[in-house]
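> Got a structure for you, questions after.
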Amino acid sequence: PEVALEALKAGKDVGATTILNTAPAPDGWTLEDPGMEFYPYIDILILNESELEKVCQGREGDEETLARSLLDKGVTAVIVTLGARGAMIVEKEGDEVTVSFADAPEDLPARKEPVKNTVGAGDAFCGALSSYVSTGLSLAEAAKYACGIASMTVRKDGAQTSYPTYDE
């Protein structure tokens, strides 16, 4: 956590868009540990459903309610990865909050293949999302394509070996 916090601070110092993925969020861990306030340095926070519950320990509500509560901490956007259901994007722009959902493109050939192994899917999603955001895509569009990349990875065994190539 100490290294992740310093990396976020360095990113903010140079004006970068900062992204934090909490995986794997251990039990009892919080983004609010004394002396390690993460929220001011996070632009986009990515968590899966169980990590969302861990980070929001003590708060009650559905996934959207919990994600919205993190916006109140200063995060610009929260993405909750939902496995086969895609991802939920909760973004704040000024005083307005928008909620959208992303899923892999319907015409993605891999969608017809069985799921073999989910190891590395979250990392593939985060890497792809970061890459697509850096090209100027909106967060919702980037999440759609990142869901596609993650969907492709779960159709193969392994973590890095399951990641699609550029041509794929």
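The values are calculated or read from the model by the stated rules, or taken from the named source; none is laboratory data. Keep in mind the model is a prediction, meaning the values are calculated, not measured. Cβ: placed from backbone, ideal geometry, glycine included. Neighbour counts: every protein chain shown. Note: accessible area is taken over every heavy atom of the protein model, side chains too, but ligands, DNA and RNA are not part of it. Shrake-Rupley method; radii C 1.70, N 1.55, O 1.52, S 1.80 Å.
> Projecting each Cα onto the charge dipole of the chain (Lys/Arg +1, Asp/Glu -1 at the beta carbon, about the Cα centre), which of TYR163, ALA84, GLY28 comes out farthest on the positive side?
TYR163
> When the accessible area of region 45-140 is computed with all protein chains present and a 1.4 Å probe, what percentage of it is carbon and sulfur?
Roughly 47 percent of what the probe reaches on region 45-140 is carbon or sulfur.
> Going through region 1-105, which GluC sites (Glu not before Pro) have at most 15 other Cβ atoms within 10 Å and a DSSP loop state?
GLU32, GLU37, GLU60
> Hey, what angle do you get for helix 121-134 against the long axis of the chain, alpha-carbon based, 0 to 90 degrees rounded to 10?
Helix 121-134 sits at roughly 80 degrees to that axis.
> Suppose the chain between GLU64 and THR118 were pulled fully straight at 0.36 nm per residue; how much longer would it get relative to their current alpha carbon spacing?
Length difference between fully extended and current span is 17.1 nm.
> Moving on to the next point. Tell me the angle of helix 139-153 to the major Cα principal axis of the chain, expressed in degrees between 0 and 90 and rounded to the nearest ten.
In the chain, helix 139-153 runs at an angle near 50 degrees to the longest axis.
> Only sites in a loop by DSSP and with at most 15 other Cβ atoms within 10 Å count here; which trypsin sites (Lys or Arg not before Pro) in region 80-168 make the cut?
For trypsin sites (Lys or Arg not before Pro) across region 80-168 that sit outside H, G, I, E and B with at most 15 neighbouring Cβ atoms in 10 Å, the list reads LYS116.
> OK, next. How far apart, in nm, are two points set 7 Å out from the Cα along the Cα-to-Cβ line at VAL99 and at ALA140?
If labels sit at VAL99 and ALA140, their model points lie 1.4 nm apart.
> Along the charge dipole of region 30-143, which of ALA140, ALA121, ALA110 sits closest to the positive end, that is, farthest toward it, with unit charges on the beta carbon of Lys, Arg, Asp and Glu (+1, +1, -1, -1)?
Positive-most Cα among the choices belongs to ALA110.
> May I pose another question? How about region 65-168: which chymotrypsin sites (Phe, Trp or Tyr not before Pro) there are in a DSSP loop, with at most 14 other Cβ atoms within 10 Å of their Cβ?
Of the chymotrypsin sites (Phe, Trp or Tyr not before Pro), the ones in loops of region 65-168 whose Cβ has at most 14 other Cβ atoms within 10 Å are TYR166.
> Please give the charge dipole size of the chain, origin at the Cα centre, charges +1 on K and R Cβ atoms and -1 on D and E Cβ atoms. Round to the nearest 20 debye.
440 debye
> At 1.4 Å probe size, with every protein chain present, just tell me what the per residue accessible area of region 1-115 comes to in Å².
Accessible area per residue, region 1-115: 55 Å².
> Further question: Can you give the extra length, in nm with one decimal, that the chain gains between GLU49 and ALA10 once fully stretched, where that is 0.36 nm per residue apart less the Cα-Cα distance?
11.2 nm
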